[in-house]
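First the structure, in the form of structure tokens, and then the observations on it.
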Amino acid sequence: MSQADMTSSTISWEGGVSPFGMSWQKLMMWVFLVTDALLFAGFLASYLFIRLANGTWPDQGDVFNMPLIGLMTFILITSSATMATAVGSAHRGNLKSAIRFVSYTALGGAIFLGLQATEWTQIIHEGARLSSNPWGPSAFSSFFFMITGFHGTHVLIGVGILITTALRARAGKATSEGVELVGLYWHFVDLIWVFIFTTFYLI
């Protein structure tokens, strides 16, 4: 290695430059997402363990409004596509398009939350509570409220961040990396819902 290459390498590791070729903001976002993914994995693994340990378990078709759940899933997956478009527009410097698709994504998240509120209302009306379940083991409703509620909180936070990002972009303060970081979070929320949908509503 030449002296110039050694000098350049030393400077790169002295601080201020990420050794992984990414900003510290993006690295911290990945650390958060991995940690949060492990938390959701723990919830879902616990749910599956309790379900297998019980001899009987409610049939999802008798409990949930599956067309409603399907619509919620479609909207959230569609919002992931609009978020990807927003990130692409931001990287190309097309600010107006980025703002528009970030707004579409926030709208999709808000609709998802509205539909989830409808689902919760129906389930509660049927008599489900954290400690009781009219369809069988009380753990079923406990896991339902805990897992979907925790995910819904993530969606709610995401909608707030999306709205803030759109407003900052209108004011010329948002960066393409900022939009990308929001996109990483939103794609994570969508991916987690796919696992929840499969584990809790289908299996």
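Based only on Cα atoms, what Rg/Rh ratio does the chain have, Rh being taken as Kirkwood's radius?
1.10
Calculate one ³J(HN,Hα) per residue across region 160-172 by plugging θ = phi - 60° into the Karplus curve 6.51 cos²θ - 1.76 cosθ + 1.60, and present them in order as whole Hz with x for glycine and proline.
Karplus-based 3J(HN,Hα) across region 160-172 equals x, 5, 4, 4, 4, 5, 4, 5, 5, 5, 4, 7, x Hz.
With θ taken as phi - 60° and the coefficients 6.51, -1.76 and 1.60, list the Karplus ³J(HN,Hα) couplings across region 179-190 in order, rounded to whole Hz; mark glycine and proline as x.
Each residue of region 179-190 in turn: 5, 5, 5, 4, x, 4, 4, 5, 4, 4, 4, 5 Hz.
Can you classify region 47-96 as rounded, prolate or oblate using the Cα gyration tensor, where a ≥ b ≥ c are the square roots of its eigenvalues, rounded means a/c under 1.5, and otherwise it's prolate if a/b beats b/c and oblate if not?
In terms of gyration-tensor shape, oblate.
Taking R0 as 25 Å, what FRET efficiency do you get between Thr78 and Thr121 from their Cβ-Cβ distance, rounded to the nearest 0.05?
E between Thr78 and Thr121, to the nearest 0.05, is 0.60.
How large is ³J(HN,Hα) for each residue in region 130-146, as worked out from phi by the Karplus curve 6.51 cos²θ - 1.76 cosθ + 1.60 (θ = phi - 60°), to whole Hz, x for Gly and Pro?
Whole-Hz 3J(HN,Hα) from phi for region 130-146: 4, 10, 8, 8, x, 9, x, x, 5, 4, 4, 6, 4, 5, 4, 5, 5.
For Ala174, which sequence-distant residues (separation of 5 or more, or a different chain) have an amide H within less than 5 Å of its own amide H, given hydrogens modelled in the peptide plane?
Ala169
Given a Förster distance of 25 angstrom, what is the FRET efficiency for Ala41 paired with Ile203, based on the Cβ-Cβ distance and rounded to 0.05?
That pair, Ala41 with Ile203, gives E of 0.95.
Just order 139-148, 183-192, 92-101 by mean Cβ neighbour count inside 10 Å, highest at the front, would you?
So the order, starting with the most tightly packed, is 183-192, 139-148, 92-101.
Only residues of region 51-78 count here: report those whose backbone N is under 20 Å from the spot 7 Å along Cα→Cβ of Arg129, or say none.
58
Taking the 0 to 90 degree range and rounding to the nearest ten, how far is the long axis of helix 3-12 tilted relative to the main principal axis of the chain, both from C-alpha atoms?
40 degrees
I'd like the orientation of helix 24-53 relative to the chain: the angle between its Cα long axis and the longest Cα principal axis, in ° from 0 to 90, rounded to 10.
20 degrees
Just so you know, all these numbers are worked out from the coordinates, no wet-lab data involved. Here the structure is a predicted model, which means the values were calculated and not measured. So basically every Cβ, Gly included, is an ideal-geometry build from the backbone, and we count neighbours across all protein chains shown.
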